[in-house]
Amino acid sequence: MKEITFENITMARELFGQHNYNLARISEATGVKIDNRGNTLVINGDTENVLLTEKMLNQLYGLVKEKFSIHPSDIEIAASALRNDSSCRLKSIFLDTILTTSRKKNIAPKSPNQKLYVDAARNNDIVFGIGPAGTGKTYLAMAMAIAALTKGEINRIILTRPAVEAGEALGFLPGDLSDKINPYLRPLYDALHDMLSVDRSREMIEQGIIEIAPLAFMRGRTLNNSFIILDEAQNTTSEQMKMLLTRIGYNSRAVITGDITQIDLPTGKKSGLIEAKNILQSIEGLKFVFFDNNDVVRHKLVSRIIEAYDKDMRHKNMDKKSKQ
C-alpha cells in the first residue's frame with residue numbers, strides 16, 4: 001500500500017479527471033486499485049505495480065502543473081514508457097512541442113521512441129523511421145517539416161510516396177494519371193490539413209512551397225533547401241530508394257518512413273527500405289529509428305492487433321524452420 005498527497009487540490013482534480021476518469025484509466029493500465037480521499041490517493045497492489053503507479057502519478061501531476069492537458073491515450077503511453085524504462089522522464093517527451101497547428105493544438109512526441117525520432121531528425125540530415133502503422137512516423141515528420149519551413153530553415157517541403165497497388169489495380173481507377181495517383185497521396189494531404197488550414201495549405205501547394213508528388217516524379221532532380229518526406233518507403237524498389245537518396249541536395253533534410261511488415265511490391269521485387277536498413281546503418285549523419293506496438297497512438301486495440309499479427313508471424317516462421 002502507498003499513500004500520495006498532492007498539495008494543490010485544483011491540480012489534483014485535473015489529474016484525477018472528471019468523475020475520477022483518469023484514475024480509472026491509470027488503475028487499468030498499471031493493474032492496481034486506487035482509492036481517492038480528497039487530494040490523497042491510496043494505492044494497493046503488487047509492490048512493482050504500486051511503485052510504477054506512484055512514479056506515474058507524480059510525473060503526470062508535474063505535467064498538469066505545466067498546464068499539460070492529459071488525454072486518456074497519454075495514460076497508456078506513460079504507463080508503457082515507465083514500465084519499459086523506470087528512469088523515463090515524461091516531461092522531456094510530452095512537453096517537447098514540435099509545432100502548434102492552425103487550431104492551436106501542440107504536436108509533441110508521445111513515446112520514448114517518438115522522442116528519439118524527433119531528436120534524430122533535428123540532428124541528422126537523413127532519418128529512417130521504421131515500424132507499424134499508427135506510430136506517428138509520417139505525422140511527426142510532417143510537423144517537423146512545417147516547423148523547419150516556418151523557422152526559415154528550408155524553402156520548401158517535398159512529400160512523396162511510391163504509387164504501388166495494395167491489392168488493387170491502378171488501371172481500374174477512374175480519371176487521368178493525376179486522378180489515379182491522387183488516392184495514394186491522400187494520407188499526406190490529411191496530415192498536412194491537420195496542421196495547416198485548408199486555404200493556407202492550398203496556397204502553399206499552388207506556390208510550390210509544398211509539393212506532393214509520386215516518387216517517380218523525383219527522377220533527374222536535385223532537391224536543394226528542402227525537407228523531403230518519403231512515405232510508405234517499404235514499397236520502393238532498390239533503384240527507387242537509391243534514386244531518392246541521391247536527389248538530396250544542399251541544405252536539405254530527408255525523413256524516410258515505412259513498415260516492412262506491409263510490403264505490396266510484386267513477388268520477387270526487393271524492398272528498397274529493407275535493403276537500405278541492411279547497408280546504410282553505419283553511415284555518419286544518417287539515423288535509423290525503430291518503432292513497435294508500444295508507440296502506437298491510435299485506438300488502444302490497434303497495438304493489440306499489431307501484437308497479435310506479430311505473434312502469428314513468429315509462430316509461422318518457427319513452423320517453417322521446424323519443417324526444414
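The values are calculated or read from the model by the stated rules, or taken from the named source; none is laboratory data. Everything numeric in this text was worked out from a predicted model, so none of it was measured. Methodologically, a virtual Cβ is constructed for each residue, glycine included, from the backbone with ideal geometry; neighbour enumeration extends over all protein chains shown. Just the protein is used for accessible areas: all its heavy atoms, side chains included, with ligands, DNA and RNA removed. Shrake-Rupley method; radii C 1.70, N 1.55, O 1.52, S 1.80 Å.
Quick test for you: out of Thr138, Thr101, pick the one residue that is surrounded by 20 or more Cβ atoms within 10 Å (Cβ to Cβ), on the phi < 0 side of the Ramachandran plot, in contact with a strand residue (DSSP E or B) (Cβ under 9 Å, 6 or more places away or on another chain) and among the polar types (S, T, N, Q). Can you show your working first?
Details: Thr101 fails: surrounded by 20 or more Cβ atoms within 10 Å (Cβ to Cβ).
Residue meeting the stated conditions: Thr138.
How about the range 220-234: which of its residues are over 12 Å from Thr160 (Cα atoms) and in a helix (DSSP H, G or I)?
Of the residues in the range 220-234, the ones over 12 Å from Thr160 (Cα atoms) are 220-226, 234.
Hit for the range 220-234 is Gln234, nothing else.
Can you tell me which residue in the range 108-124 is farthest from Asn251 (Cα to Cα), limited to those that are in contact with a strand residue (DSSP E or B) (Cβ under 8 Å, 6 or more places away or on another chain) and buried (at least 22 other Cβ atoms within 10 Å of the Cβ)?
At the first step, the residues of the range 108-124 found to be in contact with a strand residue (DSSP E or B) (Cβ under 8 Å, 6 or more places away or on another chain) are 113, 116-117, 120-121, 123-124.
Those left that are additionally buried (at least 22 other Cβ atoms within 10 Å of the Cβ): 113, 117, 121.
Details: Asn113: 26, Tyr117: 20, Ala121: 14 Å.
Per the criteria, the residue is Asn113.
When we screen Leu90, Leu82, Leu99, Leu116 for residues that are in contact with a helix residue (DSSP H, G or I) (Cβ under 6 Å, 6 or more places away or on another chain), within 26 Å of Phe128 (Cα to Cα) and touching a residue at least 60 places away in the same chain (Cβ under 8 Å), the only hit is Leu99.
Could you please give the count of residues in the range 1-27 that are outside any helix (DSSP H, G or I), polar (S, T, N, Q) and closer than 19 Å to Phe68 by Cβ? I'd like the intermediate steps shown before the answer.
Going residue by residue through the range 1-27, those that are outside any helix (DSSP H, G or I) are 1-8, 17.
After this cut, where a residue has to be polar (S, T, N, Q) as well, the list is 5, 8.
Subset that is closer than 19 Å to Phe68 by Cβ: 8.
Total meeting the criteria: 1.
When restricted to residues that are assigned to a loop (DSSP other than H, G, I, E, B) and buried (at least 19 other Cβ atoms within 10 Å of the Cβ), the range 60-82 contains 1.
Of everything in the range 5-21, what is touching a residue at least 40 places away in the same chain (Cβ under 8 Å), closer than 21 Å to Glu76 by Cβ and open to solvent by 10 Å² or more (accessible area, probe 1.4 Å)? Give them in sequence order. Glu14, Gly17, Tyr21, listed by residue number.
How many residues, within the range 236-247, are open to solvent by 10 Å² or more (accessible area, probe 1.4 Å) and closer than 12 Å to Ala163 by Cα? Talk me through it step by step, then tell me what you get.
Filtering the range 236-247 down to residues open to solvent by 10 Å² or more (accessible area, probe 1.4 Å) leaves 237-240, 242-243, 245-247.
Checking the rest, the ones that are also closer than 12 Å to Ala163 by Cα come to 237, 240.
Residues flagged as open to solvent by 10 Å² or more (accessible area, probe 1.4 Å) and closer than 12 Å to Ala163 by Cα within the range 236-247 amount to 2.
Please work out if Gly129 is on the phi > 0 side of the Ramachandran plot and either within 17 Å of the chain's Cα centre (by Cα) or not in a helix (DSSP H, G or I) (or both). No.
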